Ligand code: GAL
């Protein structure tokens, strides 16, 4: 009996060890296969020949000690290889060396298919301060190295601190870096061999003081994650997107100064978002073979002993059209399996069975208890049936399970039997990114998110239309149920331009016959950014002037 017991305990023991090795615990010390804490900070991961390679700053306490390299088959268990970059040579007066004592930060590695070389760009400092603001460029014949120095320089003569590389689908590589004393972000294309920047760099995100750039692409869209500029201390993450890296066209879905002082929209959506879950972005890794599945990689810096800084890796989703990162104490790659089951519906059809996805939280409208909330995917998500009315763009919204219709009664959502009342009719105001403001035809109130919070469990309520309240919902369908529904091509360039046209059409159809120049002092919304503007600071785009929310009087220009 005792023998059986010990065999069982042993088996159970083995089972738990295996499971523990098959997950990621963000913020915990991550041990390599030799049992040492992984010493790879500010780094990146690349995939080559069936292996993942993790490069990072190797630190000896606070001192820089070259660039480390780890290898893994599964992204969970990492084996330390020889250092990818070993400090060599002696310090030169012109600061053009990788001698011991120099500071090497934020290494990024890409493969050049033409030269068949692996290329690494590193933030380079002299070892005393952050005044040099250069890059060290190194190459290797094999992915794991050894990498040897090609040059150390200021790209296009500009100061370059936090930096990253981005290799586009077409083989063009880009270098993106904080510059002008961290106030701007520059982007430059690299030469064919990826060893030098081309001259036509662009200055982006002027005056925003963004750091820690991590870029990735989906369809026609490039996304950038950034941090604010607070040294080793964490701050709220934020993202921007653009169709063209070489233009100054980075955007956020709304761009206001949040109460925490940050600009832009946070990609973290759970409790802890104001410190990016105590981390600073370093890289976004596209998981090979898993469409639109990304891993957010961040550093939980320990400024008194950088070597012991922890790693914060979390799944990143773009289901909402924007990057969002949820917190998990522990996770594995299976979280990606269901990430895109709910898909954006292409056309709103009469009778369509849909879910409402809230823009800033990437969460579905749900009813775990009596009232509406936003929740993680699960059993409380509500399936709605859309019913077209005879009025253009106006729908009735039925809760499929209950068979009751959403109604605004004295400014609160109620669920009633279907009736011929305007209070059961909802105008769906399209936005450029495919989201809708859902406004009641009787009293003009709109479905709104309490406190603009993004956490699961946040309740919804009805309020006047306002660009400073989160009031954007998109229609999604369950692709495992409705295999015949068509998905919107939301990562294509055409998606937004088609929506812009549709918005103009809607605005001109729906009782707006009063199109004229706006005068100062009125409320004007930039429909491109959702931003409330004064008319004397208008920038190009499509604008709606709201004369009277309740009477639904709008002016479009
Ligand atoms: C951070 C930067 C780190 C490191 C640190 C030094 O802002 O992202 O990579 O340079 O400053 O204070």
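Dividing the mean sequence gap of close Cα pairs (under 8 Å, 6+ apart) by how many residues the chain holds gives a relative contact order of 9 percent.
Packing around the peptides 341-352, 41-52, taken as the average count of other Cβ atoms within 10 Å per residue, puts them in this order, highest first: 41-52, 341-352. Think of it as helices only: each DSSP H run of n ≥ 4 in the chain is worth -39500 (n - 2.57), and spread over all residues that comes to -2000 deg cm²/dmol at 222 nm.
Here is the size of the range 158-307 from its Cα atoms: Rg then Dmax, 15.1, 45 Å.
Do me a favour and compute the ellipsoid semi-axes for the range 261-322 from its Cα gyration tensor, root of five times each eigenvalue, largest one first, whole Å.
Details: eigenvalues 101, 57, 13 Å².
Output for the range 261-322: semi-axes of 23, 17, 8 Å.
Would you mind giving the three semi-axes, in whole Å and largest first, of the ellipsoid equivalent to the chain according to its Cα gyration tensor?
Details: eigenvalues 416, 181, 72 Å².
That gives 46, 30, 19 Å for the three semi-axes.
Sequence-distant contacts, meaning Cα pairs under 8 Å at least 6 residues apart, place the relative contact order of the range 448-503 at 24 percent. Where does helix 493-509 land angle-wise versus the long Cα axis of the chain, in degrees 0 to 90, nearest 10? Here the helix axis deviates by roughly 20 degrees. Three principal axis extents of the range 363-468 based on alpha-carbon atoms, in descending order, are 36, 32, 27 Å.
For the chain, the longest principal axis of the alpha carbon atoms and the long axis of helix 2-20 meet at an angle near 80°. Peptide packing for 481-489, 126-134, 373-381 was compared via the average number of neighbouring C-beta atoms within 10 Å per residue; ordered from the highest value, the list is 373-381, 126-134, 481-489.
None of the figures in this text is laboratory data; all of them are computed from the coordinates on show. Source: prediction; values computed, not measured. Note that each Cβ is placed from the backbone with ideal geometry, even for glycine, and that neighbours are counted across all protein chains shown.
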